[in-house]
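Right, one structure below, let's go through it.
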Amino acid sequence: AITGTATGITNLVFSDPNATGLTFTLNVDKVGPTIPSDFTISQNFPNPFNPATYITFDVPAGMGDISLKVYDLSGKEIITLASGSFLPGKYSVNWNAVNNYGEPVASGMYVYRYVSNEAVITRKMLYMK
């Protein structure tokens, strides 16, 4: 199992207690000071992508917990890019085509889902090696 700790709200450091020294860092950066009024997520850019892509999402006031996860087309979860309570704002996350264990994923179509207690937004993206 992967465990994570948050430093502020922008650095998530993951480590696998069963692997020798396997760690990776996922950055979720707050983009601007404006408080969004809507629950939205952008299409990833670039798309198709190689070796990495960016996804920007808005967290309006009063949204509660959110999650942003990537799935393969069979519905298997690949990685959690963001999860938990976020202050209202605009955020950007960079995904470098690895799974929750830091292993590279195969080329292909992936789906990312942005979920709150009030709404769900799903988009597709294409990873080409």
Give, as a single signed number, the net charge of other residues whose beta carbon lies under 11 Å from the beta carbon of Asn47, with Lys and Arg counted +1 and Asp and Glu -1. +2
Keeping every protein chain present and rolling a 1.4 Å probe, give me the accessible area per residue for the range 30-129 in Å². 51 Å²
How much length is gained if the chain between Thr34 and Lys124 is pulled fully straight, taking 0.36 nm per residue apart and subtracting their Cα-Cα distance, in nm to one decimal? 29.7 nm
Need the full-extension length gain, Asp65 to Ala52, defined as separation in residues times 0.36 nm minus the C-alpha distance. One decimal, nm. 2.1 nm
Please work out whether the range 34-129 counts as rounded, prolate or oblate from its C-alpha gyration tensor, where a ≥ b ≥ c are the square roots of the eigenvalues and a/c under 1.5 means rounded, while otherwise a/b larger than b/c means prolate and anything else oblate? prolate
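The values are calculated or read from the model by the stated rules, or taken from the named source; none is laboratory data. Just so we're clear, the structure is a prediction, and the values are computed from it rather than from any experiment. Note: ideal-geometry Cβ built from the backbone for every residue, glycine included; neighbour counts use all protein chains shown. Keep in mind that these areas ignore ligands, DNA and RNA; they rest on the heavy atoms of the full protein, side chains included. Shrake-Rupley method; radii C 1.70, N 1.55, O 1.52, S 1.80 Å.
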